[in-house]
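Structure record follows, encoded as structure tokens.
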């Protein structure tokens, strides 16, 4: 499938949903009209038959039954309508996304961190960010999990390959992840503190209350048998009721506390049970997805969705204990309030320890579903080879955020350690874009997602960039000192024995040209000596002299600008060697001095 086929499939799906919506709206209108007609008809017939009580009651009862059937049908149609509207809205958002408008999706701006190793340099989070272009998570914890994966991509080759396999499988089950995404959008992004499900049992561990739950109903049953047999007077029921009513009222505060504590939390749990059920009902071939599914059904326990449904039933029943009919009959006769308090505490004891793992599995599935949708939306991308030893080699590497019709793709090759590419070139010629292209695709490769390349082989390692460094008035920190501090972080990581891919743009911009030149030369020499790899972009052609000093470990590449008369053009193609043409003077002349 190419991009045209993808667009066509989305457009076809939108039209299909719009047609479905029109049909559902007509059905809802007809059902509503039929309900109104039924009510009026039943009332009219009942009025006509008012002389016969039995006939009137029969008509009213039958009418009520039919009304309830129509009401249930009406609710079912409304749920289908909401689903179709949500699906239509999602598909419309994806169509915009294909044209690089990602406004329908969350960029997780709250995860922006200027001090991170690469997030700020690569525009990872926020409006019009790379994360926004990928993120299709439907849960708050799924969003956080996907952000964590991007901020700290796996470095274990086997883990990455497993994630690749999972993304491939989910991409092949696009109908499943589309259904999952729409159901998740209907659920909403409620937050749930899974740790707050810990609860110190009061009723479940009490022998007295556990005996009462069985003893009190048994006492009423025994009293009924004795009364029917004529051994005792039915008057004694009143005395028994007074005693058991008082008994059921004793723990009312503790019961109410349990009800208030778990009612809201259970409501949030219930919202997610449909997402759990989607995972539970599907068969997965990949090891990663199978593990996530297994986490939803611990050995010897019910599946997450069924367990949550059970807890919701218990909480609903406990809530009824404070309504008047239940309060005066079921509580004293059946110990209703204590019975369901015990059931909830027992449930917490059995399943409370699993809730965190359930939501951890859902968060991971949510993040993998996003990566699978990313793969689906980029049919021309490829899954990279994950190497067991250092290499970073790619053919026709492009930046995913650049429009496909304007993106100029370039190659990159670093197949030994240590090795650095020194990129020289004019302003606006493409150096910074090239650096970000390498960085973004490295992250994608390590998350198990496809990359924007024709071929790619990468060794999973930590990425460290220094592309844009900001000074800090709050910390009384100069631009130069901030940059030095960031470079020191790189050196410290290398001294600790970490394998890094280092990407630097214009080293030591915050000092004069002589110091900058000397410092830049010294830093690259040190990075080579520390067995590191990376790319350094610079305007200073002097750094190109390092290739002669380290012919096996440094290669010069450049982006050229072509100046012909008063025209400045760029090919954005990387070439071997040191850049010959610089354009700062030309641009100053055109922008500042020409009228």
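Suppose we keep only residues that are over 16 Å from the mean Cα position of the chain (by Cα) and assigned to a helix (DSSP H, G or I) within the stretch 109-162. Which one would you say is surrounded by the most Cβ atoms within 10 Å (Cβ to Cβ)? Taking the candidates together, the pick is 160. Looking across 343, 297, one residue alone is crowded, with 18+ Cβ neighbours inside 10 Å and over 30 Å from residue 369 (Cα atoms). It is 343.
Which one is surrounded by the fewest Cβ atoms within 10 Å (Cβ to Cβ), of the residues in the stretch 398-409 that are under 19 Å from residue 536 (Cα atoms) and either out of contact with any helix residue (DSSP H, G or I) (no Cβ under 6 Å at 6 or more places or on another chain) or not assigned by TED's automatic domain parsing to the domain that holds residue 571 (or both)? Working first, answer last.
Of the stretch 398-409, the ones under 19 Å from residue 536 (Cα atoms) are 398-399, 409.
With either out of contact with any helix residue (DSSP H, G or I) (no Cβ under 6 Å at 6 or more places or on another chain) or not assigned by TED's automatic domain parsing to the domain that holds residue 571 (or both) added as a condition, the list becomes 398, 409.
Working: 398: 22, 409: 18.
Selected residue: 409.
Highlighted here are the strands (runs of 3 or more DSSP E) found entirely within the stretch 446-511 that include at least 3 residues which are modelled with pLDDT of 95 or more and closer than 30 Å to residue 170 by Cβ: 455-458. The residue list 360, 413, 370 contains one member that is under 18 Å from the mean Cα position of the chain (by Cα) and surrounded by fewer than 24 Cβ atoms within 10 Å (Cβ to Cβ), which is 360.
When residue 101 is tested against the conditions (1) farther than 19 Å from residue 6 by Cβ; (2) in a loop (DSSP other than H, G, I, E, B), the lone failure is (1). In the stretch 495-512, which residue that is over 21 Å from residue 417 (Cα atoms) and touching a residue at least 24 places away in the same chain (Cβ under 8 Å) is surrounded by the fewest Cβ atoms within 10 Å (Cβ to Cβ)? Ranking the candidates gives 509 first.
Taking the conditions exactly as written (touching a residue at least 40 places away in the same chain (Cβ under 8 Å), in contact with a strand residue (DSSP E or B) (Cβ under 6 Å, 6 or more places away or on another chain) and in a strand (DSSP E or B)), does residue 423 satisfy them or not? Let's see the steps before the verdict.
Values: touching a residue at least 40 places away in the same chain (Cβ under 8 Å): yes; in contact with a strand residue (DSSP E or B) (Cβ under 6 Å, 6 or more places away or on another chain): yes; in a strand (DSSP E or B): yes.
Yes.
Test of understanding: among 13, 44, 37, which residue is out of contact with any strand residue (DSSP E or B) (no Cβ under 6 Å at 6 or more places or on another chain), modelled with pLDDT of 90 or more and closer than 30 Å to residue 98 by Cα? Result of the check over 13, 44, 37: 13.
Which residues, taken from the stretch 321-340, are surrounded by fewer than 16 Cβ atoms within 10 Å (Cβ to Cβ) and within 17 Å of residue 257 (Cβ to Cβ)? Break it down into steps so the answer makes sense when it comes.
Taking the stretch 321-340 as the starting set, the residues that turn out to be surrounded by fewer than 16 Cβ atoms within 10 Å (Cβ to Cβ) are 322-325, 328-329.
322 - this is the single residue of the stretch 321-340 that is surrounded by fewer than 16 Cβ atoms within 10 Å (Cβ to Cβ) and within 17 Å of residue 257 (Cβ to Cβ).
Candidates 389, 393: the one that is outside any loop (DSSP other than H, G, I, E, B) and either surrounded by fewer than 20 Cβ atoms within 10 Å (Cβ to Cβ) or in contact (Cβ under 8 Å) with a residue 40 or more places away in the chain (or both) is 393. Is there a residue in the stretch 20-30 that is assigned to a helix (DSSP H, G or I), at pLDDT 90 or above and farther than 30 Å from residue 93 by Cβ? Yes: one or more hits.
Tell me, please, whether a residue that is assigned to a helix (DSSP H, G or I), over 27 Å from residue 298 (Cα atoms) and at pLDDT below 95 can be found in the stretch 351-359. There is no residue in the stretch 351-359 that is assigned to a helix (DSSP H, G or I), over 27 Å from residue 298 (Cα atoms) and at pLDDT below 95.
The values are calculated or read from the model by the stated rules, or taken from the named source; none is laboratory data. Bear in mind that the values here come from a model prediction, so they are computed numbers and not experimental data. Cβ sites come from the backbone with ideal geometry, for glycine too, and all protein chains shown count toward neighbours.
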